[in-house]
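Below is one structure, written out as structure tokens; comments come after it.
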Amino acid sequence: MLLDKNISFEAELKVSPKPAYATVMLFGCLLYLGVELFPMPWEVKNTALTIFLFMFFYSLIGWALDDWNTLAGRWFAFVGLTCFTFLFSNWLKTPEILVLEVFPIALLAIMVSFSSAFVSTLAEFFILIVLLQFRIFDLRASTVISTTVALWMMLGMLFAIFQPLNQLTKWLSDFYDQTQSFLKDARERKVELEQVLESIAIANRQLALANKRMAMLSKIAEDAQKAKTIFVASVSHEFRTPLNMIIGLIDLMRRSPEIYDVVLSPKMRDDLSVVFRNCEHLSNMINDVLDLTRIETGRLALYREWVDLEETIKKGASVVRPLLDKKHLSIDLSFSENLPKVYCDRIRMQQVILNLLSNAARFTETGGITVRISQEASKVIVEVSDTGPGISPDDAERIFEPFWQGKEPVWRAKGGSGLGLSLSKEFVQLHGGKMWFKSFPEEGTSFFFSLPHAPLEDPASSAVRFIKEDWVWVEDSFKLSQVSTKDPVVKPRTLIFDKSEVLYPRFRRYSDQIDFVSLTDINDLSKNNLAQAVVLNFESLEELKKMVDTIVDDLPATPIIGCKVGRETQRALDLGAADYLIKPVIYEDLKKSIEALGQTVRQVLIVDDDPEVQQLFSRMVSVYNSTIEVQTASSGQEALEIIRQKPPDLMLLDLVMPEMDGWQVLENVNRLNLQKTICTLFVTAQDPADQIVSDYLFTTIKGGIPMDKLFRLSIEIPRLLMESGPGFDPAPG
């Protein structure tokens with residue numbers, strides 16, 4: 001609010017007249033006492049008493065008037081003092097006393113207002129002129145002039161005092177009005193702010209409830225996703241058993257129809273080939289589903305090595321070349337010079353490249369395929385282009401979704417599971433790369449994927465990991481007390497001592513928020529004493545304890561965790577198994593496994609709780625060598641009885657059986673010291689890569705585990721062990 005300079009305002013002090021009344025009464029009393037104490041003529045004493053009584057009653061009346069009406073009391077004080085001055089001047093016969101009229105004028109200005117004092121001065125001036133004109137009180141002209149000058153001088157002095165006082169009072173008044181306005185606005189803003197805060201509080205409560213509901217729904221969705229993944233994996237494994245029968249029997253029918261005492265006509269053989277191809281397609285689709293579930297559950301481990309992508313692409317091109325030649329399509333391979341090798345999983349990259357090449361070959365009818373490899377900074381980019389029909393915009397949005405086969409008839413006519421591109425993109429992302437495509441209808445499609453040609457991070461981490469990119473050194477402000485151990489840039493470090501190299505790649509897949517460091521030299525453990533934990537992997541508990549005793553003094557505040565985890569086939573090899581076969585098993589798979597044994601097989605024991613599987617493998621063995629003696633067992637106990645009586649040369653052992661599974665059968669064979677006599681081939685519908693387990697868990701720390709932490713561990717460890725499904729999602733990238 002701006003100050004208004006045009007506002008007319010006159011300062012009014014409005015001092016109470018009671019001090020003046022008290023002064024007059026005191027003066028009257030002193031006057032009366034002075035006359036009484038000193039010898040005076042009777043006339044003087046009489047006059048003094050009259051004056052005293054006048055002053056006394058004047059003060060009482062004025063005091064009462066002021067209590068009744070303030071303005072009346074103030075004017076009464078002025079009029080009384082003025083009259084008293086005139087009367088006192090006349091009583092003393094001293095007109096010069098009229099000069100004292102300046103005091104009532106000054107008192108009026110203080111008690112009422114400056115304008116009242118100005119008007120009263122004019123009135124007294126005219127009264128003096130009248131008194132002079134009519135010779136009242138024996139006034140002389142000089143007395144009137146001196147009194148008038150004194151009155152106007154007093155009025156001038158009052159004006160000089162009241163003018164800045166008026167301005168100050170005006171400013172204070174405006175400031176007060178402005179302050180009141182601000183205070184009013186502040187109160188209104190306060191009310192608005194309180195309303196906003198209340199609204200925010202309500203919104204926060206609603207948001208908290210929404211977050212809680214969202215967390216619950218997210219948990220339900222995660223549980224549903226895990227349940228779905230586990231269900232799909234279980235069902236897919238269950239599909240392998242009947243598929244094993246179908247594929248195996250059809251393969252035998254095609255290869256050796258004579259064992260069925262029939263002769264196949266060309267049409268029957270062609271029909272069986274069609275059934276066989278479709279069963280193989282279904283089997284491949286199940287394998288793709290299992291790969292997808294492994295990725296979702298974090299169980300897919302990458303075995304990285306230095307791979308020459310040129311060689312991998314050439315091998316993939318040789319696989320699809322028969323289809324290209326059949327359709328009269330060309331294939332052009334273009335590689336940049338001095339391409340580096342790529343640190344990746346060779347098998348998974350072969351799947352990606354073969355997927356892209358086979359898709360391009362299937363959907364291209366004229367023209368050909370072009371494959372290019374180029375290097376861009378620290379990445380290698382692979383491009384697979386074709387001259388096919390292209391991808392429509394509607395299909396482009398969902399091309400990488402699992403089981404999506406496109407809306408266009410040309411896509412569905414070519415068949416396929418719809419998992420190839422989805423899996424390929426997942427494999428590339430697991431390597432820290434990305435996959436994308438460009439497509440133009442009726443012109444063709446180009447699929448690209450990029451891979452870092454070097455590891456994303458050096459396993460042997462150095463102190464560089466403690467330095468931020470945006471860290472600015474300030475000499476004076478750098479204090480040890482300011483260094484936070486909770487800096488999110490610094491990852492917690494876990495050391496892994498594992499000569500089998502099984503744990504490191506899998507641990508890295510579970511989390512990228514932990515700095516896993518793989519060590520193979522025991523001396524390196526003591527050099528890395530900043531780790532939050534040390535994980536040891538040993539074949540036996542005795543070796544583990546010996547290692548713990550060796551390193552515990554060098555790692556005084558670091559928890560040590562021990563386990564026994566072997567490779568996928570390590571458990572089977574430890575128990576004496578030669579190899580394993582994953583269903584569906586065809587004749588060629590069994591033939592290669594038997595020939596890989598490098599010894600003569602005269603007797604074979606087939607152990608499976610399914611009679612049809614027994615019959616299938618019996619026929620396969622007979623086709624391989626009709627002179628081999630085949631025995632079957634429907635349970636582990638029956639198999640052990642046969643082994644005790646007559647140990648076979650080869651045992652085909654199903655892992656999953658009621659009462660006694662394949663592992664238990666093999667352990668009993670070891671107790672009979674027959675593991676070197678009997679060659680064992682495991683037959684399973686589950687990939688051993690999904691069954692990597694640790695036989696035990698050992699943990700300690702120097703000084704022992706306190707009772708409170710032991711109590712917490714006794715609660716948390718069973719809870720974690722009893723959880724179904726994976727405990728972590730795979731780390732991104």
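Just so it is clear, none of the values below were taken in a lab; they were calculated from the coordinates. All values derive from a computational prediction rather than experimental measurement. Neighbour counts run over all protein chains shown; Cβ positions are idealised from the backbone, glycine included.
Numerical summary
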| quantity | calculated |
| --- | --- |
| Paramagnetic label zone (point 7 Å from Cα along Cα-to-C-beta, Lys190; backbone N under 20 Å) in region 168-182 | 176-182 |
| Sorted by Cβ density within 10 Å, fewest first, the residues Glu501, Glu426 | Glu501, Glu426 |
| Cross-link pairs beyond the 28 Å C-alpha cut-off, checked among Lys546/Lys709; Lys425/Lys592; Lys315/Lys425; Lys314/Lys583 | Lys425/Lys592; Lys314/Lys583 |
| Residues Lys267 and Arg719, FRET efficiency given R0 of 60 Å [Cβ-Cβ distance, rounded to 0.05] | 0.45 |
| Linear extension gain, Ile259 paired with Arg140, 0.36 nm per residue minus alpha-carbon span | 26.1 nm |
| Extension gain, Lys434 back to Asp661 (0.36 nm per residue minus Cα-Cα distance, nm) | 77.4 nm |
| Of Lys491/Lys702; Lys341/Lys591; Lys219/Lys545; Lys326/Lys438, pairs whose Cα-Cα distance is over 32 Å | Lys341/Lys591; Lys219/Lys545 |
| Distance between modelled label sites at Asp521 and Glu401, nm, 7 Å Cα→Cβ extension | 5.4 nm |
| Order of Cys83, Cys563, Cys344, Cys279 - criterion: other Cβ atoms within 10 Å of each residue's Cβ, fewest first | Cys83, Cys563, Cys279, Cys344 |
| Exposure proxy order (Cβ contacts within 10 Å, fewest to most) of Glu595, Glu612 | Glu595, Glu612 |
| Length added when fully stretched, Thr366-Leu60, from 0.36 nm per residue minus Cα-Cα | 97.3 nm |
| Residue list for region 143-180, given a label point 7 angstrom along the Cα-to-Cβ vector of Ser115 and an amide N cut-off under 16 Å | 159, 162-163, 166-167, 170 |
| Approximate spin-label separation Leu183-Ser218, in nm, with each point projected 7 Å along Cα-to-Cβ | 5.1 nm |
| Computed FRET value (nearest 0.05) for Val274 with Arg321, which takes r as the C-beta separation and R₀ as 30 Å | 0.80 |
| Inter-label distance, nm, simple model (7 Å from Cα along the C-beta direction), Thr50/Arg506 | 13.1 nm |
| Karplus-derived 3J(HN,Hα), 6.51/-1.76/1.60, for each residue of region 543-557, Hz, glycine and proline x | 4, 5, 4, 4, 5, 4, 4, 6, 9, 4, 5, 7, 10, x, 10 |
| Rounded to whole Hz, the Karplus (6.51, -1.76, 1.60) HN-Hα couplings of region 378-388, x for glycine and proline | 9, 10, 10, 10, 10, 10, 10, 10, 9, 10, x |
